Amino acid sequence: MPNQRFGKDFCFIISENPRRARKEKQQMKILVVEDEKYIAKPIEQVLKRNNYSVDLAYDGEYGLDCGLTDLYDIIVLDIMLPKLDGLAVLKELRENGIETPVLLLTAKDQVGDKVKGLDSGADDYLAKPFDNEELLARLRALGRRKSELAPGGLLRFGDIELNPHTLLLSRGDKSGKLTLKEAQLLELLMRRKNMTASKELIIEKLWGYDTDAEDGNIEYHVSLLRKKLAGVGAQAAVGTIRGVGYILKEEADGEKNRKRHV
Ligand code: CA
């Protein structure tokens, strides 16, 4: 058995001090959930050398307990894990409102899992084997997305407001929680104001340059975002510019808007 399971209390206790340390040193805290010690240990070493604070979990249940403390800046999550697989961990985290960016580790033959992972709210994935520089680059990209958001800055467009920190979308008295990807997509469209966001731009901003994310990934997140917008009764709506990309329109009945901006 790779490690003993101590439960949520233990994870909270070991995480208290690192959190204080992180505040003092501005150190990013990363949870690595990986059962293969020959992979997990070198990851821990390279991350520590690069000034990250690292906790390791060797099975899915323990990883989930740690992730649920919401003390981590990024979670590196293997898919094939004992006790609870990575996709189940991810699902539980998102269902419990934990929006910590997740980098999935996948084997090369797990293409289906990769797609399922992105659909379940993972933010990026890395195929094993990978080199350290690539891992560090992915983590920097995920960390940057978090820190690029101005503190307390609410974004407004038409009748909607987005808090990029709490991922809360609101219109008047109504509000709904977005996933990280939905919030990033909406934020991008809001910042573009009345300009089209091309699919290439959306992929670059949400998944980074070096990614296998495809149009299907965008379409999926757009359809989820549209449901959330409808859920708060927003007039603002995501319009499709066929063959080009997407645009945020002020009115749901926005055929004129769409044509004007083509
Ligand atoms: Ca594994």
- Restricting the search to the range 69-91, which residues are surrounded by fewer than 18 Cβ atoms within 10 Å (Cβ to Cβ) and either under 15 Å from the mean Cα position of the chain (by Cα) or on the phi > 0 side of the Ramachandran plot (or both)? Asp70, Lys83, Lys91
- Query: Going through the range 56-68 one residue at a time, which ones are within 16 Å of the ligand (Cβ to nearest atom) and either surrounded by 24 or more Cβ atoms within 10 Å (Cβ to Cβ) or in the same structural domain as Leu168 (by TED's automatic domain parsing) (or both)?
  - Reply: Ala57, Gly60, Tyr62, Gly63, Leu64
- Item | Any chance Gly121 is more than 16 Å from the ligand (Cβ to nearest atom) and either of a type in the set (Asp, Glu) or part of a helix (DSSP H, G or I) (or both) | no
- For residues that are at negative phi and surrounded by 17 or more Cβ atoms within 10 Å (Cβ to Cβ), tally how many sit in the range 156-169. 7
- The condition from (1) closer than 20 Å to Gly143 by Cα; (2) within 14 Å of the ligand (Cβ to nearest atom) that Leu103 misses is numbered (2)
- Of all residues in the range 24-55 being in a helix (DSSP H, G or I) and of a type in the set (Asp, Glu), the one that is surrounded by the fewest Cβ atoms within 10 Å (Cβ to Cβ): Glu24
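A quick yes/no check of all residues on (1) in a helix (DSSP H, G or I); (2) farther than 21 Å from Glu250 by Cβ; (3) among the polar types (S, T, N, Q):
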site	(1), (2), (3)
Glu161	no, no, no
Thr166	no, yes, yes
Leu186	yes, no, no
Met190	yes, no, no
Glu200	yes, yes, no
Ile203	yes, yes, no
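Among the candidates Glu24, Glu44, which residue alone is more than 14 Å from the ligand (Cβ to nearest atom), at pLDDT 95 or above and more than 19 Å from Ser120 (Cβ to Cβ)?
Being more than 14 Å from the ligand (Cβ to nearest atom), at pLDDT 95 or above and more than 19 Å from Ser120 (Cβ to Cβ) holds for just one of Glu24, Glu44, which is Glu44.
The values are calculated or read from the model by the stated rules, or taken from the named source; none is laboratory data. If you're wondering where the values come from, they're calculated on a predicted model, not measured in any experiment. Neighbour counts are summed over all protein chains in view; Cβ atoms, including those assigned to glycine, are modelled from backbone coordinates with ideal geometry.
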